[in-house]
Amino acid sequence: MDEVRIGVIGLGMGRNHVAGFQSHPRARVVAVADMNERLLHELADRYGVEKRYTSAEEMLEMERLDAVSIATPNKFHAPLTLAALAAGCHVLCEKPMAMSASEARQMLNAAQQAGKRLMINFSYRFTEQSMVLKQQVDAGVLGEIYFGRTVWHRRRGLPGFGGWFGQKALSGGGPLIDLGVHRLDLALWL
Ligand SMILES: NC(=O)c1ccc[n+]([C@@H]2O[C@H](COP(=O)([O-])OP(=O)(O)OC[C@H]3O[C@@H](n4cnc5c(N)ncnc54)[C@H](O)[C@@H]3O)[C@@H](O)[C@H]2O)c1
């Protein structure tokens, strides 16, 4: 595969996915989808993406994509991942993986059955501190780890006050499902 043809769904955090992919010589964002039409065109123009869709499902049907990035409110992670896998795509999905463990298992099973990669954007694994710590752990510098403690204090900066973030039906929960998943993932991975 010379070039990976990518579609990005949801252009809030997803705009950073677009920028990241576009900076890689072997990746190309060929289509973007967001139901907010103004944002869709503004960002597609900014990053030089020709194909734009207000429906992610239509994008999956119309475009021949190798991979899809999903950066929508949490409620849509599972259904869009299943749709993208069914359309033959590898998937990078934002955290939290899903609204529940059973949804997450369904996504994992679908990826395994389709023989496609499913990656969750646990971006803190890729900080320098995390990578150095992981090397140390893997090299046995800390010995056998039998206990971990992890904390995240965020005292201000609620994202999108009044939007989907504060509605359980769309977000799935509060700080644990939003920030806690990053800390748990990092602790368990280390
Ligand atoms: N990895 C990280 O550290 C990190 C950081 C921030 C956000 N996130 C995750 O990214 C996801 C999005 O969060 P955000 O802050 O960008 O939200 P946001 O509200 O800023 O952006 C979401 C975008 O998705 C669009 N959208 C909603 N439903 C859609 C659908 N069905 N199809 C197409 N587009 C749709 C909206 O119009 C909006 O533009 C969340 O799951 C969040 O947890 C991860």
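The values are calculated or read from the model by the stated rules, or taken from the named source; none is laboratory data. Note that this is a predicted model, so its numbers are computed, not measured. Ideal geometry is used to build each Cβ from the backbone, glycine not excepted, and the neighbour counts take in all protein chains shown. Quick note on the areas: whole protein, heavy atoms, side chains included, nothing else; ligands and nucleic acids left out. Shrake-Rupley method; radii C 1.70, N 1.55, O 1.52, S 1.80 Å.
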For a quick check: with amide H placed at 1.01 Å from N, whose amide H comes under 5 Å from Lys51's, ignoring anything fewer than 5 positions away on the same chain?
Val32
Which percent of the Cα-Cα distances in the chain go past 25 Å?
41
Round to a whole number: what % of the accessible area of region 4-120 belongs to carbon and sulfur, probe 1.4 Å?
52
Lys and Arg at +1, Asp and Glu at -1: add these up for the other residues within a Cβ distance under 11 Å of Pro79 and post the number.
-1
Quick check for me: using +1 on Lys/Arg Cβ and -1 on Asp/Glu Cβ, what's the dipole size of the chain about its Cα centre, in debye to the nearest 20?
560
Work out the count of Lys pairs in the chain where the Cα-Cα distance is under 19 Å, with the pair 8 or more places apart or on different chains.
4
So, for the chain, what is the accessible surface per residue at a probe of 1.4 Å, expressed in square angstrom?
61
